[in-house]
1. Would you mind calculating the relative contact order of chain B from Cα pairs under 8 angstrom and at least 6 residues apart, reporting the percent as a whole number?
2. I'd like the Kirkwood hydrodynamic radius of segment B:92-139, using the inverse of the mean 1/r over distinct C-alpha pairs, in Å.
3. Tell me which aspartates and glutamates have Cα within less than 18 Å of B:LYS324's Cα, excluding those fewer than 8 residues away on the same chain?
4. Taking the highest mean first, how do the peptides C:115-126, A:267-278 order by number of other beta carbon atoms within 10 angstrom per residue?
5. Beyond a 29 Å Cα-Cα separation, which of these cross-linked pairs lie in this structure: B:LYS63/B:LYS253; B:LYS205/C:LYS300; B:LYS252/B:LYS279; B:LYS70/B:LYS343?
6. Tell me, which cysteines of the protein assembly as shown are without a disulfide-compatible partner by the Cβ under 4.7 Å rule?
7. GNM on chain A, C-alpha springs below 10 Å: top fluctuator among A:GLY299, A:GLY56, A:GLY195?
8. Do the sum for the protein assembly as shown: with -39,500 (n - 2.57) for every DSSP H run of n ≥ 4, divided by all residues, what is the mean residue ellipticity at 222 nm, to the nearest 500 deg cm²/dmol?
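Quick note: the coordinates plus some simple rules give every number you see, no bench work behind them. Worth saying up front: this structure is predicted, and the values here are computed from it rather than measured. Cβ coordinates were reconstructed from backbone atoms using ideal geometry, including for glycine residues, and neighbour counts include every protein chain displayed.
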Amino acid sequence: MRRVGLGVLVRWETVLVLLILAVGVWCRSLSPLFLTRVNLLDLATPYIFIGLMALGLTFVIIAGEIDISVASILAVSVVVLGQIYEAGANIWFAALVGLLVATGLGLVNGFLVAVVGLPSLAVTLGTLAAYRGLAFLIHSGEGVASFPTQFTNIGIGYVWGQQVPVALLVFLGAAVALGFLLHATRFGRYIYALGANREAARYSGIPVTRARIAVFGLSGLLAGIAGLVYVGFFGSSRADAADGSLLDVVTAVVLGGVDIFGGSGSMVGVVLSVLLVAELRNGMQLDNIGGDTQNIVIGVLLLAAILAGNAIRALQTSGLRTRIARASKKEVVRTAGQAEGTT
Amino acid sequence: MRHHKLKVLLGLVAVAVLVGALSAGVGSAKSDRTAGPAAKQATYKIFLIPKFIGIPVFTLNGKGGKEAGKKLGDTVTYNGPTEASAAKQVPFIDTAVRQGYNAIVISANDPNAVAPALKRAQDRGLKVVSYDADAAKDARTVYVSPPDTQSIGAGLVEWVGSQVGYKGQIAILSATTTAANQNAWIAVIKKTLKKPKYKGLKLAKIAYGNDNDTKSAQETQALLQAYPNLKGIIAPTSVGLPAAARVLQQAKKCGSIALTGLATPNSMRAYTKKGCGKKFGLWNEVDFGYLAVYVAHAVLDGKLTGKAGESLVAGRLGRRTIGKNSTMPMGPPLVFTPKNIDKYHF
Amino acid sequence: MKLSPQTLAQAAFRLREAGIFIALTVAVLLFWARANNFMTIANWQDIATDVAIVAVLAVGQTMVVLTRNIDLSVGSIVGLTAYISSDTLAHHHGLPLGVVVLLAVTIGIGLGLVNGLLVTVGRIPAIIATIGTLAIFRGLLFEITNGQNVLAFQLPERFLNLAARKPVGLPFLAWIAIAIAIAGAAVLRWAPWGRDFYAVGSNPDAARYAGIPVGRRVLTAFVLSGALAGLGGFMFAARFASVDAVAGTNLEFDAVTAVVIGGVNVFGGSGTVLGAALGAVLVATIQDGFTLLKLSEFWKMFFNGTAIVVAVTIDALVTQRLQEALRRRRRAEMVAAREQGAAT
């Protein structure tokens, strides 16, 4: 009963929207500054790199795997980008190499999982440490800091009357593109099928190995794009980049309604949950609530939201179960009757 | 149909319970954090962001900062992330700007990664002062630096030398082999020992206690066994020094072996008064935060612009002057002795 | 002689443990040749102290992972219990240490119960439930400490001397770890409910049909992990003496690493406490050797990660071989049976 129909997903997203509104009301009561245009438009900007990693991780988790190495992949790509730029190369060339390296590291994960047949949790636990070590081995000092403005604009620039942050548009653009890939293409259907039942997917002719490798490659690519936004926004390319952000990334995906065991989840849910967490942190920060209390609130929100979701599902499946029980009783009666008929 | 209504209702109840729980749970935390200063008519609002919150060093910086705020009539808020991450400091900088703070005082996790946010703050008219760990130069007006490596390393040698008549075998009890600040101090100690004044002192061994009480105690015992003629120990670590003092006290060697190093007076009080570790030092973390907030206030007043030679009177700390690179040093470390230790409580 | 699948599987585990043992031997020989001071009693005592806390956590983690779950909150539980036990001792110098251990373990049990209930009754996947409690428990610790810490000078001397004691040449904390590892191994081997962990992990549905109370077993595993993390907290306080709000951060990674390198299947159902403990020893030995060779922290990180991947790759290869062997045997048996049938 892990696979959940579209109906519930719509409702889960409804819950997220309601939560965003409710948290908004609460944040407004915390600080009058919350409901200002500047604040609302900029509230998610510092968390965009986390959101982008979450979008990539969404594919991995729906496919029934996990990738906890994303933050380390981001670090490697950021350091590579910085070093190549410092060596005198064009910034866009450096960015391209950064993206390629990130995708490559993701593909290594994918190869180990899909071809060698290792559990993804163990593999990415290993590469989480190995890639972070690699980032430091490539460059362990202060990173490059003076990047050209036309590049940093990806993370820090504004458009439309200097109001709308470019990073937010990058995030929403990526979400739309990936949402299309996930919900409207054959590849997307493969991903859901993989997560629901890998053996069944194999028998139905899905190129399972290739699809699983691709999913990890995609996660790496998104970590690379997150790296570009990171460098743009923070203007630094140190090997400790995005250290300690893994929990935030996983929280965003799971709170977005993606089933950790795979097979269900939606892009809209993840986008909403990224915004929800950003909103919560922003509101609490505006009221100077301590970083430690913020973590407790988000931890409680994560668990409470999932408990509530489970309660809703339990209600639904209890309805479903009686229906199935009724149906199967009929089935039994019918087959019994048929059996009698044939003898 | 009945099911649908029920589900929607359940969702709403869940949300209501959640929001209720959150506001109840957080309400209390909030009130004790922002009460006090906000009630008074403040001249400036200053936001103090440590590398991360939760450990005593930064808590003391916050305490000193608030003390200075009270003296100056400013509102000082102390808050930050729970991990040493620049990415997690930036949201605090951005919200401080939107909240209308006048100045930010920060210990940067990554000098470059916080720079764009600090420059955004400067563009909106805020003043920025870095302390403890500097931010990129163009992103702050003044940097309040901890006592420099040279004066600490030289101080350590003098403190132990003056106790033993500048003669005999000494050892160093350090933290870990890879700790950058420890290695920098050890390098200065070695250099200082080459000076004529300290010719009589011989460095026998450098032991590593890994900033861990048990290991530091064991290493001290090993030193006593291996070097029976040992005259002095330098332990420039806040964990190692009290551990060494305890071992010396247990072995009844406080009279024959001089002990010095860096640690808080609270952690050494009992030993120092009984003659174990009669001279040691540390800079005052409370004063550090205090000075940083005073500097921020002076920058807001336009009295400090970061030029070398500018100075201010920082309350109970007296006059302080800006040196090279818009840097104002904390000054030499405090020296604690059995006579003065009861004046200090941190 | 007929080999049942069980005996074959057991043989494979012995093979697995032998594998870690060989890796350990190779590492020891290499470091002995290259690093001064590696093969000294003092250094091995250091390694034993280093490994003790992680090994205790790894025993609890093994139980949880066997049931096809994971407990990522142990680092936060260690921090909380370490602070509470040292803070209690700082205020009540006369308190018997047994009482303090009991306090730490009881708190650990309570927190483990929270995890277990979230997973079993709340039906939240373990990885998410314990990511949540990782943040919540750590946040609580921050609230309790209020930015302060407990320092060695505030603690009674008998507590400070605890970690330095070395009965029969082995540090006291290492003895605790050995006792816990033996007890854990005994539970998994002989206690009926301990053996159930394997059944629950290899196939929860089948276990349920076989009449095993799956929920209660999973709850037990989490409670045990919490209790051991509580004990680990006490050991942490005894070892470091100064405890603050960040104590024990990232220990969950060390515990999971030990478990994975020790050959416990992350999908549950197979693995041993001995393997996990050896995994912890291997990691600590290599870390120590790297430190003595003055290799940077970054190489350690890189090597640690690579070691995990290599270990699971070997696991996968062994499992594949094993399955092939089983298949061949079955085929041979079938052929033999058919021939017998044809003969009669």
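1. Numbers: 662 pairs, mean separation 57.8, N = 346.
Relative contact order of chain B: 17 percent.
2. Values: mean 1/r = 0.0967 Å⁻¹.
Computed over Cα pairs of segment B:92-139, the Kirkwood hydrodynamic radius comes out at 10.3 Å.
3. Counting by Cα, and skipping residues close in sequence, B:LYS324 has these aspartates and glutamates nearby: B:ASP132, B:ASP134, B:ASP138, B:ASP148, B:GLU310.
4. Sorting C:115-126, A:267-278 by mean packing, highest first, produces A:267-278, C:115-126.
5. Details: B:LYS63/B:LYS253 37 Å; B:LYS205/C:LYS300 26 Å; B:LYS252/B:LYS279 18 Å; B:LYS70/B:LYS343 21 Å.
In this structure, B:LYS63/B:LYS253 lie more than 29 Å apart at Cα.
6. A:CYS27
7. A:GLY299
8. Values: 37 runs with 670 residues, N = 1033.
My calculation for the protein assembly as shown gives -22000 deg cm²/dmol from helical runs alone.
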